[in-house]
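Heads up: the structure comes next, in structure tokens.
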Amino acid sequence: MSTNTLNPVLIIGGSGVVGRRAVKALRRLQPTLPIWIGGRDRDKAAALASEVGLAEAVRIDLERDDLGLPPDAAVSGVVVLLKDDTLRSMKYAQAKGVPYIAFSDFAFDIGPAVALHAHRPAAAPILFLGHFLGGTMTLATLHLAREFKKVHAIEMGGLFDEEDVGGPAASGDMERLTRGVPSPLIRQDGKFVWASDEAASRVFHSADGTAWTGRAYPLLDVVSLAATTGAATVRLDFAIRAAAQRPQGQGAGFETIIDITGELPDGTTARVRHALVDPDVHSGLSALGAALATERMLGLAGGPPAAPGLHHPEGLLDPAYVVQRMQESGTRIWRV
């Protein structure tokens with residue numbers, strides 16, 4: 001169908017670090033989709049709207065049930081790239097009967113949203129996207145896991161540059177994480193565990209063989225990958241690299257190592273590692289993940305619009321398509 005028949009998609013937090021890039025990525029994917037950009041800084045949102053075209057800056061008030069929008073406002077979807085503790089943005093999407101995407105929920109955050117959905121299960125499609133880099137790493141992992149007949153364990157190690165700190169929304173997420181739930185969620189030997197002490201840390205090796213000590217985080221990749229693959233062990237650990245530790249000539253990019261252990265079609269057991277390296281900071285792939293999820297929820301790529309219900313990215317997006325888009329954006333993937 002022609003995308004210009006849709007009402008605008010509302011992106012709350014659209015002028016932030018990830019938001020700006022998400023808006024631009026969505027515009028590249030969908031040149032004729034109208035966009036409303038709701039941001040903390042109205043001037044920045046207006047400048048971005050002018051830059052991408054077919055967009056408008058709107059003022060959002062999360063203390064109001066109508067979000068501060070006119071009574072007759074019509075949107076095709078609501079994308080929230082910051083933590084909305086009020087859940088008014090989700091209620092607004094339910095009232096309008098349009099898709100809702102929550103980008104900043106950790107594994108321990110989703111209870112209130114699940115309850116809100118349970119009271120109105122047929123109101124709107126709800127996508128939890130509190131995954132590493134907007135779900136792109138979970139989808140890439142599932143793509144790489146296709147060579148296995150059965151997956152036993154998935155261990156992901158993310159290596160960030162110390163200068164890759166993100167914006168205010170990311171800082172707020174990190175503060176909320178460290179203040180609220182210091183124990184990360186992992187799956188270990190078939191059980192979900194809120195890990196502590198030594199179990200919360202793991203040594204992994206980057207593509208060049210350097211050892212890094214990472215700490216697990218309670219992102220939704222753990223539950224998504226466990227549910228999709230049946231793996232008895234799933235964890236995601238992050239380490240920070242100082243600028244002096246970068247490979248010579250490399251900027252503030254990031255790297256993810258994905259170790260998958262499982263049974264191959266011939267019956268043998270193997271442990272396979274892949275490196276995913278991107279020369280951009282992490283907001284690039286986070287934004288791409290948000291954009292891919294948005295176009296999929298609206299039915300603009302990959303199938304019809306998402307049906308009412310609770311969704312994770314792996315239930316909607318084709319892993320091969322996501323990997324293709326990642327590689328087009330500059331991500332290199334190879335077997336280590």
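Values quoted throughout were computed directly from the atomic coordinates according to the rules given, and no laboratory measurement underlies them. What you see is a predicted model, and the numbers here were worked out from it, not measured in a lab. No Cβ is skipped: glycine too gets one built from the backbone with ideal geometry, and neighbour counts run over all protein chains shown.
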May I ask you to derive the relative contact order of region 1-151, considering only C-alpha pairs under 8 Å and at least 6 residues apart, and to give it as an integer percent? 18 percent
Computed from the beta carbon distance with a Förster radius of 35 Å, FRET efficiency for Asp266 and Ala301 to the nearest 0.05 stands at 0.45
Please give the FRET efficiency for Lys150 paired with Glu198, using the beta carbon to beta carbon distance and R0 = 25 Å, rounded to the nearest 0.05. 0.30
Quick check: residue separation of Thr86 and Glu162 times 0.36 nm, minus the Cα distance between them. What number comes out in nm? 24.2 nm
Over region 273-336, what per residue volume does the convex hull of the Cα atoms give, in whole Å³? 93 Å³
Measuring from label point to label point, each 7 Å out along Cα→Cβ, what is the Asp61 to Thr210 span in nm? 5.0 nm
Report the antiparallel proportion of the DSSP beta bridges in the chain as a percent, rounded to a multiple of 5. 55 percent
